[in-house]
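Below is one structure, written out as structure tokens; comments come after it.
Throughout, read-outs are computed from the coordinates displayed, never taken from laboratory work. Keep in mind the model is a prediction, meaning the values are calculated, not measured. Reconstructed Cβ throughout: ideal geometry from the backbone, glycine too, with neighbour counts over all protein chains shown.
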Amino acid sequence: MTDRPRVALVTGATQGLGLALVKGLAQRLGPDDVVYATGRDRGRLDKVAAELGGLGGLGAQVRTELFDVADPHRAEELAAALTERHGGVDIVFNNAVMAVTPDDDARAIVGDYTQVNNFGTTRVLRAFTPRLPDGGRMIVVASSLGTLRYLAPVLHRQFDDLATLDDVDAAVAAWRDAVRDGSAFGGAWPAFVNIPSKIGQVAAVRTLAAQRRDGDLARGVLVCAVCPGMINTRISSVWWDVSGAPTPDEAAVALLELAQGPVNPDHYGALVRKHEVLPWR
């Protein structure tokens with residue numbers, strides 16, 4: 001990290017894990033540092049500001065910014081603005097997610113879903129990663145479902161060893177279109193849209209990391225995906241029994257350690273769960 005005050009940013013920060021990451025960063029950073037809680041709803045951001053303003057034990061300043069990752073231009077605009085304002089953004093948690101329920105029609109929601117979860121991820125990667133200062137962290141919140149073991153072998157080539165983020169976007173778009181027209185359901189694609197989406201997120205991290213690895217590691221920069229594990233949230237509870245799962249604050253601890261601890265080269269470009277690398281293949 002540089003000698004200037006540190007800056008962190010969390011997308012999807014108005015509830016659940018995102019809010020826990022904002023709180024955890026604010027507790028761990030110093031009084032001159034800034035943590036940006038971002039989301040697409042001003043009213044919810046104002047509630048976050050009021051909630052965190054009433055908490056004790058926060059070292060860093062917490063600020064809010066409107067940031068809809070589905071907006072094709074907002075990631076670049078915000079990254080440029082914060083870099084000009086602060087000289088850089090040291091820690092980025094890409095956590096924004098559009099949740100789905102078992103009652104949702106995949107064909108109806110997959111367009112909006114990929115705009116947030118997948119194309120939103122690649123927009124954040126494109127905008128913020130090239131601007132990371134020495135010691136920076138770009139961490140994409142994904143899932144253990146984001147590995148090829150959950151995809152039929154005939155589909156592995158769709159996401160494996162892609163050359164550019166444009167290639168990743170094209171692979172996601174092809175899957176999205178197959179869901180929309182129904183052809184995905186007659187083939188090998190899983191019915192649960194979360195699986196190809198998470199694989200697409202991890203593929204994006206792997207692809208970008210392959211281009212940047214040597215230079216980033218020389219500067220102490222980490223780019224990786226993380227699996228926070230099962231979390232006791234309202235969104236998760238519609239799919240699974242999460243009554244015994246960790247709270248968002250508990251689940252955030254390992255992610256915060258990754259953001260502030262020394263870089264393990266094995267973590268670079270990988271999917272990490274509780275400091276262990278989950279195999280891609």
Ranked by how many other beta carbons lie within 10 Å on average, peptides 11-21, 167-177, 259-269, 217-227 from highest: 11-21, 217-227, 167-177, 259-269
Dipole magnitude of region 189-281 about its Cα centre (Cβ charges: Lys, Arg +1; Asp, Glu -1), debye to nearest 20: 340
Per residue convex hull volume, Cα atoms of region 7-278, in Å³: 124
Signed unit charges on C-beta, dipole axis of the chain, positive-most listed residue N264, V154, V253: N264
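Starting from the exponent 0.38 and prefactor 2.2 Å, build the expected Rg for region 18-136 from its residue count and divide its actual Cα Rg by it.
Working: Rg = 15.4 Å, N = 119, 2.2 N^0.38 = 13.5 Å.
Dividing the Cα Rg of region 18-136 by 2.2 N^0.38 Å gives 1.14.
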Cβ-placed point charges (K, R +1; D, E -1), dipole of the chain about Cα centre in debye, nearest 20: 220
Amide H contacts under 5 Å for V223, placed H, 5+ residues apart: M138, G269
Taking N as its residue count, the alpha carbon Rg of region 148-281 over 2.2 N^0.38 Å: 1.17
Debye intensity ratio I(q)/I(0), log10, region 129-175, q values 0.26, 0.28 Å⁻¹ (C-alpha model): -1.08, -1.12
MRE, 222 nm, helices only [DSSP H, n ≥ 4, -39500 (n - 2.57), over the chain, to nearest 500]: -13500 deg cm²/dmol
Helix 74-86 vs. the chain, principal-axis angle (Cα, 0 to 90°, nearest 10): 20
Cα principal axis extents for region 8-53, largest first, Å: 27, 18, 13
Long-range HN-HN contacts of Y36 with modeled amide H, under 5 Å: A8, L9, V10, R63
Degrees between helix 248-260 axis and first principal axis of the chain (Cα, 0 to 90, nearest 10): 70
